[in-house]
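Novice: This is the structure, below, for whatever I ask next.
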Amino acid sequence: MSADNASAPQPSETAPRGALSHVRVLDLSRVLAGPWAGQTLGDLGAHVIKVERPGTGDDTRLWGPPFLKDDEGNPTRDSAYYLCTNRNKQSIAVDFTQIAGQKLLHELVKSCDIVIENFKVGSLAHYGLDYASLQAINPRLIYCSITGFGQTGPYAHRAGYDFLIQGMGGLMSITGRPDGEPGEGPMKVGVALTDILTGLYASTAILAALAAREKTGRGQHIDLALLDVGVACLANQGMNYLYSGKSPTRMGNAHPNTVPYQDFPTADGYMILAIGNDGQFTKFCQAVGKSEWATDERFVSNQARVIHRDVLIPLMRQTTVMRTTREWIELFEQVGVPCGPINTLADVFADPQVQARSLQFTMPHPVAGDIPLVASPIRMSDTPVQYRTTPPQLGQHTRSVLSEVLGLSEQTMNELQQQGVLGDLPA
């Protein structure tokens, strides 16, 4: 099945329910980190209610172009950015700066298991939507706060954005070309990686809190900071500094602890060699007709190759330019040397492995027909991920959620709409 016509698997009456189908989430977050956590929980079966500002909604709805187009090819008000992180949610448009809006959310919280929010520290207390206020309403509530710098510390009051955190957290200091090379200078990662990692840590922490609640009967407050996540995810580079006392420097695509592990030029472009042990290096040397490298005391071990990388890498580059990327990949696959191309996104979604794993699929959208989405990477044998709904239009489910969960009448909802508490109510 090709990526173009792969459609989302739809749950049947006999299909297993999602692992979190018994869980209800009130998602007050916007942009990326919080919504990413909410989407992960939604993919796993949770009932996620996304609360948005009437009229404008999530900031990322307008982060385009490109925008989703309707059946007639006209751009809608929903950007591709918004679509990447909001499926399996229901959108309600509620103005919680008004007392009536706060009361609605307080009522919803009574039947919710989880709240996700990413407002500035202390700001939700003005509306009675902070942890202390909501925990008093529902002691079993798991409340996840995502901020730039956490609930404590001298920076707690600051707003945090992924780009800032990539700089402050050290990631940009080890990303980019070294000084003295063309294109030198610190560089951010090409996606908001700290936001995404924070969303994943948030979903992990929420699942742990759910497990703990099974034993204690109590909810708890989860305090997640983008800066904390950024520092934690420095991984080996963070430990390299702590154990050496030396700040790692930018190395382009090279690896600080393993050689050769970087990009190399070919006859028609570039490829990646990811040689992780001495045995693979020996196979590489034999495959390229340079068996003597494998016994050279400067290259015989990874430790030696790290020390003498400035000698080895130029020699390798002189060799790799002799064949095309495809030719090298075919050769190295035969002998067990890890190698791969540097794909564009067009290449990625055309890749047979990506297609075999159905990482691109389509779902029907109420105004745009079938729309493409990127699949969850989670594969579960007994309670598989299910794609139930496309990213919602602003306020699309206000009427149904407030009616089904709170039992509000249409008259009441119409009155709240006239007061500006609720956004436009789709018919």
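No value in this document is a laboratory result; all are computed from the given coordinates. It should be emphasised that the depicted structure is a prediction, and the values quoted were computed from it without experimental measurement. We place every Cβ from the backbone using ideal geometry, glycine too, and count neighbours over all the protein chains shown.
Novice: Amide H of Cys144 versus every other amide H placed in the peptide plane: which residues, excluding those fewer than 5 positions away on the same chain, fall under 5 Å?
Specialist: Hits under the 5 Å cutoff: Val115, Ile116, Glu117, Ile222.
Novice: Right, something else. Give a residue-ordered list of calculated ³J(HN,Hα) values for region 214-219 (Karplus: 6.51 cos²θ - 1.76 cosθ + 1.60, θ = phi - 60°; whole Hz; x for Gly, Pro).
Specialist: Per-residue couplings from phi come out as 4, 8, 9, x, 10, x Hz.
Novice: Just want the answer: with Cβ charges of +1 for Lys and Arg and -1 for Asp and Glu, which residue in Leu406, Pro65, Leu242 is farthest toward the dipole's positive end in the chain?
Specialist: The listed residue farthest towards the positive side: Leu242.
Novice: Any idea how far apart Leu242 and Val189 come out in nm if each label point goes 7 Å out from Cα toward Cβ?
Specialist: Distance between the two pseudo-spin positions: 1.9 nm.
Novice: Have a look at Gln417, Gln353, Gln90 and tell me which one the Gaussian network model of the chain (Cα, springs below 10 Å) gives the largest fluctuation.
Specialist: Of the options given, Gln353 has the highest mean-square fluctuation.
Novice: Let me ask something else about it. Can you give me the three principal axis dimensions of region 380-424 from its C-alpha atoms, in Å, biggest first?
Specialist: Between the extreme Cα coordinates on each principal axis of region 380-424 lie 48, 21, 11 Å.
Novice: Based on Cβ point charges of +1 for Lys and Arg and -1 for Asp and Glu, what charge dipole magnitude is obtained for the chain about its Cα centre, in debye rounded to the nearest 20?
Specialist: Once rounded to the nearest 20, the dipole reads 860 debye.
Novice: State the extension gain, in nm to one decimal, for the chain segment bounded by Gln334 and Lys69, taking 0.36 nm per residue of separation less the distance between their alpha-carbons.
Specialist: 90.9 nm
Novice: Right, something else. Scan around Val48 for amide H atoms under 5 Å from its own, H built in the peptide plane at 1.01 Å from N, and keep only partners 5 or more places away or cross-chain.
Specialist: Answer set, sorted by chain and number: Val25, Gln90.
Novice: Residues with amide H under 5 Å of Val385's amide H, sequence separation 5 or more or different chain, H placed in the peptide plane at 1.01 Å from N; which?
Specialist: Placed amide hydrogens put Met380 under 5 Å from Val385.
Novice: How high is the FRET efficiency between Glu181 and Ala211 when r is their beta carbon distance and R₀ equals 56 Å, given to the nearest 0.05?
Specialist: 0.70
Novice: Over region 192-302, how many percent of alpha carbon pairs lie in each 10 Å bin up to the one with the longest distance?
Specialist: 11, 25, 25, 19, 13, 6, 1
Novice: In whole angstrom, how long is each semi-axis of the equivalent ellipsoid of region 160-213, when you take the square root of 5 times every eigenvalue of its Cα gyration tensor and sort them from largest down?
Specialist: Semi-axes, largest first: 33, 9, 8 Å.
Novice: Would you kindly work out the equivalent ellipsoid of region 114-214 from its C-alpha gyration tensor and give its semi-axes, the square roots of five times the eigenvalues, largest first in whole Å?
Specialist: That gives 35, 16, 9 Å for the three semi-axes.
Novice: Given N residues in the chain, what is its alpha carbon radius of gyration divided by 2.2 N^0.38 Å?
Specialist: This ratio for the chain stands at 1.16.
Novice: Using 0.36 nm per residue, how much length does the chain from Ala346 to Arg379 gain when fully extended, once their Cα-Cα distance is taken away?
Specialist: Between Ala346 and Arg379, full extension yields 9.5 nm more.
Novice: Would you mind checking region 265-293 for residues with the amide N under 16 Å from a putative spin-label position 7 Å along Cα→C-beta of His255?
Specialist: Residues 271-285 fall inside that zone.
Novice: While we're looking at this one, here's another question. For region 302-312, just list the computed ³J(HN,Hα) in residue order, Karplus coefficients 6.51, -1.76 and 1.60, θ = phi - 60°, integers in Hz, with x standing in for Gly and Pro.
Specialist: Computed from phi, the couplings for region 302-312 are 4, 4, 5, 5, 4, 5, 10, 4, 5, 8, 5 Hz.
Novice: Specify which residue in the list Gln355, Gly45, Phe149 is farthest towards the positive end of the charge dipole of the chain, using unit charges on the beta carbon of Lys, Arg (+1) and Asp, Glu (-1), about the Cα centre.
Specialist: Phe149
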